[in-house]
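Here the structure comes first, spelled out in C-alpha cells, and everything after it is commentary.
The values are calculated or read from the model by the stated rules, or taken from the named source; none is laboratory data. Quick caveat: nothing in here was measured; it's all calculated off a predicted structure. Here the Cβ positions follow ideal geometry from the backbone for every residue, glycine too, while neighbour counts run over all protein chains shown.
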Amino acid sequence: MNKLRIKKLGVLSFAKMQGVMGLVIGLLIGIIYGVIIILYSLLGASLVSGDARFAVGGGGVVIGIVAMAGFPIMYGIIGFIGGAIGALIYNVFAGFVGGVEIEVENVY
C-alpha cells in the first residue's frame, strides 16, 4: 500500500466538479418538484374544491416548468461557488496541517 497526500486542490477544477454535481442534483430535484407542482395545479384545486373550473389556468404549469429549469441552474451556480470556496479553504488549512492522506494500491 502506498500513501499519498493531497496537499493542494485545483480551485477551478474542484469548483467545476462541484458545479456539475450540483447541476445533476438540481435537475433531479427540479423534475420532482416541477411534476408535483404541475400535478397539484391541474388536479389539486379541483380535488380540494370539488369543482373542476378552479383547475383551469396555466400558472402552476408555468411555475413547474420554471422549477425544472431553475433548480439545475441555481444548484449548479451554488455548487460552483461553494466548490471554489471549499477548495480555497482546504488549501489554506492543508498548508498548516499537511493535507489529507489516502492509501492507494496498484491493481494488475
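In region 13-33, the count of residues that are more than 30 Å from Glu105 (Cα to Cα), at pLDDT 90 or above and among the aromatic types (Phe, Trp, Tyr) is one or more. Tell me which of these Leu9 doesn't satisfy, since it passes every other one: (1) surrounded by fewer than 16 Cβ atoms within 10 Å (Cβ to Cβ); (2) closer than 25 Å to Ile85 by Cα; (3) not acidic (Asp, Glu). Status for Leu9: all satisfied but (1).
Across region 72-102, the number of residues qualifying as of a type in the set (A, V, I, L, M, F, W, C), in contact with a Leu (Cβ under 7 Å, 6 or more places away or on another chain) and at pLDDT 95 or above comes to 1. Residues that are out of contact with any Leu (no Cβ under 8 Å at 6 or more places or on another chain), of a type in the set (D, E, K, R) and modelled with pLDDT under 95 do occur in region 52-69. Working only within region 67-94, note down all residues that are under 17 Å from Val24 (Cβ atoms) and aromatic (Phe, Trp, Tyr). Answer for region 67-94, where residues must be under 17 Å from Val24 (Cβ atoms) and aromatic (Phe, Trp, Tyr): Phe71, Tyr75, Phe80.
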